Amino acid sequence: MNPKIIKDPVHGYVEVEEEILPLLDSPAIQRLRYIRQLGFSYLVYPGANHTRFEHSVGTMHLAGVACRQFGLSREDRLLVMAAALLHDVGHGPFSHASEPLMEARLGHTHDDIAGIVDAQFSTLLEPIGISPSDLCAVVRGSHRLSGIIHGDLDVDRMDYLLRDAYYTGAPYGTVDAHRLIRNIHLTPEGIVLDENGINAAESLLIARTLMRPTVYYHHVSRIGECMFQLATLDHISKHPAGGIERIYALDDAECMHVLKNSKSPLARDLAVRLSRRQLYKRAIYAGQDQVKAVTFQTGWSLERSRKVAEDIAGMAGCQAADVLVDIPPVPGDMSLEVQVKNRHASVGFAELFPRLRTLNQTRREQWRLGVYTLPAYRDAVADAAAEILHIKKPTRQDKLF
């Protein structure tokens, strides 16, 4: 059997090795064709309709390039490539938009794929000599080869930055992935970067910083996510049988169909609003200079956010469902824990890249607390949210809308 060739807009021609083909054709991987990579970012960027399937194939491709660069055995290469292909198989509908629901209701994240692997891939992995437990360990980050797809300079991040920039048109995600891969080495102590790859590593960190507010945390995308989460929460409250487990087995289109036909009037209304782009609007959009940042350092759970939304709605004179509170965790520092090697010595990357501190400060300044509501309630909700959350209202706030 000849290897399968896939034409990818980001990497060109991608070769899928014969042993990997049964994994690629599995229902669990094919489902990823119908799950958007960027959730509700298509409400901002019309081109952002690329999928988890494309990203998984791209990550697998770069993983293969890295494995050959490192001179790994065929067995290790197949393990890493299979892990790269399967690393996002645990995502629910709309990708990260459903992640908080998974954590709150099921107690795990999309990286916890052991159940899926055991149920759907064990018989496919056995003939090619891949241990399911080893594969899951690579994905979790607890295997000696995990750094290739789960580390500071991993191929997962390289692919999604390139791919997300390509499909959104945002000019900030440029990463020279192949130069970076050519200049990293896998050692027993972890990844080591050759000095010739410093600029490529810098570009990856800059891309992560610039893509965060313009794409990953754009306020319209966050509003869509919050509306989706509230719709799903209210839907499963009316459908206790199956509940969140059934939702997580669906793709994007199936999930929206379920919500539009829910027993919950609220879920139906929110689903229709999302499909028509009739979104809630910002009442408050506050940075760290307007709040006591320590109060929100780790972000708030869905339950806590909904409780505060109810309090704000009560003070503003509207319904609880008319208010959404979005408090993501304050971004942690990027720390590239790799050594840079030249002909004479090895030194920590941070010592050679003093701009890292500036980038981390920029990331913290990009953080925003959002309170969203229907247009008719914006002023009342803004006043109530400012009082309850102790937010200093900015001057000329109307410029945010």
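The values are calculated or read from the model by the stated rules, or taken from the named source; none is laboratory data. Just so we're clear, the structure is a prediction, and the values are computed from it rather than from any experiment. Counting neighbours? That spans all protein chains shown, and the Cβs are built from the backbone with ideal geometry, glycine included.
Observations
- Among the residues making up the range 88-107, those that are among the acidic types (D, E) and either under 18 Å from Q120 (Cβ atoms) or surrounded by 18 or more Cβ atoms within 10 Å (Cβ to Cβ) (or both) are D88, E99.
- Any hit, the range 122-136, residues being under 28 Å from R304 (Cα atoms), in contact with a helix residue (DSSP H, G or I) (Cβ under 7 Å, 6 or more places away or on another chain) and of a type in the set (S, T, Y): no
- Failed item in (1) aliphatic (A, V, I, L, M); (2) touching a strand residue (DSSP E or B) at 6+ places or on another chain (Cβ under 8 Å); (3) within 17 Å of D156 (Cβ to Cβ), with A48 passing the rest: (3)
- For T214: the one exception among (1) at pLDDT 90 or above; (2) of a type in the set (S, T, N, Q); (3) outside any helix (DSSP H, G or I): (3)
- Test: S305 is closer than 21 Å to S221 by Cα, free of Cβ contacts under 8 Å to residues at least 24 places away in the same chain and either surrounded by 12 or more Cβ atoms within 10 Å (Cβ to Cβ) or not assigned by TED's automatic domain parsing to the domain that holds L106 (or both): yes
- Taking every residue in the range 217-236 that is β-branched (V, I, T) and pairing it with any residue that is assigned to a helix (DSSP H, G or I) and surrounded by fewer than 21 Cβ atoms within 10 Å (Cβ to Cβ), at least 6 positions away or on another chain, the pairs with Cβ-Cβ distances below 7 Å are V220/L43; T232/L101; I236/G243; I236/I244.
- Criterion (buried (at least 17 other Cβ atoms within 10 Å of the Cβ), touching a residue at least 40 places away in the same chain (Cβ under 8 Å) and farther than 26 Å from I327 by Cα) met by exactly one of D154, D194, D252, D159: D159
- Of residues in the range 267-279 being buried (at least 19 other Cβ atoms within 10 Å of the Cβ) and over 22 Å from the mean Cα position of the chain (by Cα), the one nearest to T373 (Cα to Cα): L270
- Check on Q278, part of a helix (DSSP H, G or I) and of a type outside the set (V, I, T): no
- The condition of being in the same structural domain as L125 (by TED's automatic domain parsing), in contact with a helix residue (DSSP H, G or I) (Cβ under 6 Å, 6 or more places away or on another chain) and closer than 20 Å to I20 by Cα holds for L85.
- Selection status of A286, surrounded by fewer than 17 Cβ atoms within 10 Å (Cβ to Cβ) and either of a type outside the set (S, T, Y) or at positive phi (or both): no
- Hey, L259 in contact (Cβ under 8 Å) with a residue 40 or more places away in the chain and crowded, with 18+ Cβ neighbours inside 10 Å or not: no
- Residues satisfying the stated conditions in the range 342-359, i.e. surrounded by fewer than 17 Cβ atoms within 10 Å (Cβ to Cβ), of a type outside the set (V, I, T) and either assigned to a strand (DSSP E or B) or modelled with pLDDT of 90 or more (or both): S346, G348
- Residue satisfying all of: in the range 45-75; surrounded by fewer than 24 Cβ atoms within 10 Å (Cβ to Cβ) and free of Cβ contacts under 8 Å to residues at least 40 places away in the same chain; farthest from Q30 (Cα to Cα) among these: G71
- Some residue of the range 163-186 being farther than 29 Å from S41 by Cα, among the polar types (S, T, N, Q) and surrounded by fewer than 17 Cβ atoms within 10 Å (Cβ to Cβ): no
- Residue satisfying all of: in the range 233-248; surrounded by 13 or more Cβ atoms within 10 Å (Cβ to Cβ) and aliphatic (A, V, I, L, M); modelled with the lowest pLDDT among these: I244
- Cβ pairs under 7 Å, 6+ apart, first in the range 76-87 and surrounded by fewer than 24 Cβ atoms within 10 Å (Cβ to Cβ), second in a helix (DSSP H, G or I): D76/C67; R77/G64; R77/C67; L78/E19; L78/I128
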